[in-house]
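Readers should treat all values here as calculations from the given coordinates under stated rules, not as data from a laboratory. None of these values were measured; they are calculated from a predicted model. Neighbour counts are summed over all protein chains in view; Cβ atoms, including those assigned to glycine, are modelled from backbone coordinates with ideal geometry.
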Amino acid sequence: MRKFIVAGNWKMNTTVPEGELLANEIQTKIWHYDRDKFQLIVAPPYTHLATVGQILDSDRVKLGAQNLFWEEKGAYTGEVSAAMLKSIDVEYVIIGHSERRKYFNESDEILLKKVQIALNYNLTPIFCIGEQLEQREANEHFDVIKSQLENVILRLSAEQLSKVIIAYEPVWAIGTGKVATPEQAQEIHHFIRQLISEKFSSNLANDLTILYGGSCKPNNVAGLFEKPDIDGGLIGGASLKADDFLEIFKILIDKKS
């Protein structure tokens with residue numbers, strides 16, 4: 001069954017003490033909800049994961065990481081492995097965020113290896129895709145999305161893909177204050193399901209969770225979450241304010257209940 005999710009990507013923000021305060025505030029204010037249908041996730045920086053994980057009640061707030069390395073272990077100074085994440089009860093990992101693609105030149109081949117190592121360690125990948133502004137203006141956004149999917153997650157088995165979350169984040173909307181209209185976002189989310197249905201099955205496509213990300217805030221997510229193929233949000237800046245983050249989650253529950 002498809003799960004509806006709000007995930008907070010803290011990116012390179014907050015010191016460890018600040019992260020602990022934020023986690024404590026989220027933990028204090030989060031309520032009991034239907035965990036079979038909904039899920040709340042936070043993805044702090046690596047330095048915070050262990051302490052934030054100890055603060056959070058994993059029954060209500062799951063722990064995610066923002067990245068991982070594609071090898072199990074070895075001489076890879078500065079990298080973090082899937083086994084390391086698993087050892088501190090991380091359950092989700094963001095892979096393929098546009099900032100990783102842009103600043104660290106992560107190719108589709110690298111991202112495929114990251115998805116595979118995550119799945120091997122029973123970490124749930126949140127796999128990010130999205131087009132640049134010039135690609136959308138040139139009406140190339142469908143081709144870009146199709147290529148990003150075909151080069152990575154459509155190379156997985158059906159069983160593997162069933163364990164992946166997809167996050168559509170138009171690059172032109174990330175941190176810019178611009179948000180895709182609900183209609184624009186729904187169009188892409190539906191397109192993603194169609195591709196998966198054609199490659200695998202309609203059942204797999206319908207069960208898959210597809211999130212929207214890109215300048216999401218409490219005052220703009222309601223229209224997005226009303227759309228049938230949008231299953232929640234990957235939240236950036238608004239996840240750094242507990243009240244805003246939890247308000248977005250409340251809106252999701254209201255729209256999908």
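Taking R0 as 22 Å, what's the FRET efficiency between residue 190 and residue 219 from their Cβ-Cβ distance, rounded to 0.05?
Given R0 = 22 Å and the Cβ-Cβ separation, E is 0.35.
Kindly list the residues of the stretch 71-111 that lie in the label zone of residue 27, defined by a backbone N under 17 Å from the point 7 Å along the Cα-to-C-beta vector. Answer for this model: 88-91. Computed over the chain with a Gaussian network model linking Cα atoms closer than 10 Å, the most mobile of 207, 34, 57 is 34. In plain terms, the residue of 189, 97, 32 with the fewest other Cβ atoms within 10 Å comes first and the most crowded comes last, giving 32, 189, 97. The distance between label points at residue 3 and residue 241 comes to 2.8 nm (points 7 Å beyond Cα on the Cα→Cβ vector). Take the Cα of residue 89, go 7 Å toward its beta carbon, and the backbone nitrogen atoms of the stretch 54-75 under 17 Å from that spot belong to 54-65. Across the stretch 63-118, Cα pairs under 8 Å and at least six residues apart give a relative contact order of 42 percent.
To the nearest 20 debye, what is the magnitude of the charge dipole of the stretch 154-257 about its Cα centre, counting +1 on the Cβ of each Lys and Arg and -1 on the Cβ of each Asp and Glu? All intermediate terms of the calculation are to be shown ahead of the outcome.
Working: 11 positive and 13 negative charges, 31 e Å.
Here the size comes out at about 140 debye.
Sorted ascending by nearby beta carbons within 10 Å, beginning with the fewest, 254, 244, 231 become 254, 244, 231. In terms of surrounding Cβ atoms within a 10 Å radius of their Cβ, 6, 179 rank from fewest to most as 179, 6. The distance between label points at residue 160 and residue 201 comes to 1.9 nm (points 7 Å beyond Cα on the Cα→Cβ vector). Peptides 107-113, 36-42 ranked from most to least packed by the mean count of surrounding Cβ atoms within 10 Å: 36-42, 107-113.
Once a ≥ b ≥ c are taken as the square roots of the eigenvalues of the Cα gyration tensor of the chain, is the result rounded (a/c under 1.5), prolate (a/b larger than b/c) or oblate (a/b not larger than b/c)? Cα axes put the chain in the rounded bin. Residues whose amide H falls under 5 Å from that of residue 3, counting only those 5 or more places apart or on a different chain, are 209, with hydrogens built in the peptide plane.
Across the stretch 139-217, C-alpha contacts under 8 Å between residues 6 or more apart give a mean separation that, scaled by the residue count, equals a relative contact order of 42 percent. Taking the stretch 1-103 as the region of interest, the number of lysine pairs whose Cα atoms are within less than 30 Å, with members eight or more places apart or on different chains, is 23.
The distance separating the Cα centre of the stretch 92-134 from that of the stretch 7-55 comes to 21 Å.
Report summary: the helix-based calculation at 222 nm, which adds -39500 (n - 2.57) for every DSSP H run with n ≥ 4 and divides by the residues of the chain, gives -12000 deg cm²/dmol. Under the criterion of Cα pairs below 8 Å and six or more residues apart, the relative contact order for the chain equals 21 percent.
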